[in-house]
Structures are given as structure tokens and as C-alpha cells.
1. Just the residues that are of a type in the set (D, E, K, R), in contact (Cβ under 8 Å) with a residue 24 or more places away in the chain and in contact with a Leu (Cβ under 8 Å, 6 or more places away or on another chain), please, taken from region 89-131.
2. Those residues that are touching an Asp or Glu at 6+ places or on another chain (Cβ under 7 Å) and either among the basic types (Lys, Arg) or open to solvent by 10 Å² or more (accessible area, probe 1.4 Å) (or both), I need them from region 75-95; list them, please.
3. Working only within region 96-110, note down all residues that are open to solvent by less than 30 Å² (accessible area, probe 1.4 Å) and either among the basic types (Lys, Arg) or more than 13 Å from the chain's Cα centre (by Cα) (or both).
4. Looking only at region 52-64, how many residues end up being at pLDDT below 95, more than 15 Å from the chain's Cα centre (by Cα) and surrounded by 13 or more Cβ atoms within 10 Å (Cβ to Cβ)?
5. So which of Gly134, Gly72 is open to solvent by 50 Å² or more (accessible area, probe 1.4 Å) and out of contact with any Leu (no Cβ under 7 Å at 6 or more places or on another chain)?
6. Could you tell me whether any residue of region 30-37 is over 17 Å from Val109 (Cα atoms), open to solvent by 40 Å² or more (accessible area, probe 1.4 Å), assigned to a loop (DSSP other than H, G, I, E, B) and touching a strand residue (DSSP E or B) at 6+ places or on another chain (Cβ under 9 Å)?
Amino acid sequence: MKSLLLPFALIALIVQFENAFAAESSAPLSQVADRALTDGKDAKLNAGFARMLGLKTDQPLLLKRLQIERDGATNVLDVLPKARNTIILSERRQSITTFYLTDRAGNLVKAVVNDGAVSNGGLTNLTRATAMAGFDRQKKLWAQQKAN
């Protein structure tokens with residue numbers, strides 16, 4: 001009887017793995033995140049700022065970065081190669097930059113705005129309600145960039 005259960009268990013495990021892989025690759029930001037990992041430029045994230053975003057680190061984090069200029073804004077998508085599900089979207093307009101910590105599924109984890117004109121302490125946490133409109137725009141922008 002045990003010899004009959006093993007093939008069924010193996011098939012169930014393979015189906016579960018394929019479903020998990022399909023869900024990840026169909027996630028809104030998954031394809032563009034993969035593109036960033038292969039084609040993105042190397043960058044670093046300051047450890048203090050990483051902690052402000054809720055990431056646990058004592059040293060700068062290595063990133064893979066895609067960047068586009070559009071409608072007077074600089075838009076950036078960063079992926080952490082060591083934590084491939086961790087994505088940081090940002091939009092800079094003049095001295096104001098908004099950062100969105102998200103994942104491949106496009107779930108907003110945290111949002112922070114930085115006013116570069118303030119020399120010390122220009123960071124402000126955003127509430128989810130305040131951040132959602134800008135986050136949705138960034139998510140849509142980057143989801144459209146997956147094949148470009």
C-alpha cells in the first residue's frame with residue numbers, strides 16, 4: 001500500500017510546486033523584477049534608510065535597478081538579489097521622492113516620502129490610505145515595463 005501512495009504524493013508535490021511557480025510568475029511585478037535582476041544596474045541602499053523602510057540590516061543592501069524618466073519624474077524599481085521578493089518602487093519629482101516597499105504580488109508593505117530640500121530629517125512615513133494612489137500608479141507603470 002505504501003508503494004502506491006508514494007507516486008500520488010510525488011504528483012501532488014509537483015502540482016503544488018507548479019502552482020506556486022505559476023502564481024509567482026503571474027504576479028504583477030514578477031516579470032519586471034526578473035528583468036531587473038538580469039538587466040538592472042548595480043546599486044546600494046543605505047542601511048539607515050533600509051531600516052526606515054522596515055528592512056533589517058546593519059550594512060548597505062545590494063540592489064539591481066531599473067530606471068525610467070517619464071512626465072518630469074524619475075521612476076526607479078529596485079530588487080534585492082538576496083531577497084528576490086523584496087521590491088522598492090520610487091518616484092522623484094524635483095526634491096520630493098516617494099518610496100514604496102512592495103513584493104512581486106504588488107502588496108504595499110510600507111511607504112515613505114523624503115523631502116530632499118530638508119537637510120536633516122526630511123523623511124515621513126505615509127499612511128496606507130495616503131500612499132495607495134501613488135503606489136497604484138507606480139505599480140501600473142512598472143507592470144507595463146515587463147517586456148520593454
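1. Asp103, Arg104, Lys110
2. Step one: list which residues in region 75-95 are touching an Asp or Glu at 6+ places or on another chain (Cβ under 7 Å), which gives 75, 85-88, 95.
Passing the criteria: Asn85, Thr86, Ser95.
3. Thr97, Thr98, Arg104 - these are the residues of region 96-110 that are open to solvent by less than 30 Å² (accessible area, probe 1.4 Å) and either among the basic types (Lys, Arg) or more than 13 Å from the chain's Cα centre (by Cα) (or both).
4. Within region 52-64, residues that are at pLDDT below 95, more than 15 Å from the chain's Cα centre (by Cα) and surrounded by 13 or more Cβ atoms within 10 Å (Cβ to Cβ) number 2.
5. Working: Gly134 fails: open to solvent by 50 Å² or more (accessible area, probe 1.4 Å).
Result: Gly72 is the single residue among Gly134, Gly72 that is open to solvent by 50 Å² or more (accessible area, probe 1.4 Å) and out of contact with any Leu (no Cβ under 7 Å at 6 or more places or on another chain).
6. The answer is no; no qualifying residue exists.
The values are calculated or read from the model by the stated rules, or taken from the named source; none is laboratory data. Being a predicted model, the structure only gives us computed values, none of them experimental. Cβ coordinates were reconstructed from backbone atoms using ideal geometry, including for glycine residues, and neighbour counts include every protein chain displayed. For the accessible areas, the whole protein counts, side chains as well, though only heavy atoms, and no ligand, DNA or RNA atoms are used. Shrake-Rupley method; radii C 1.70, N 1.55, O 1.52, S 1.80 Å.
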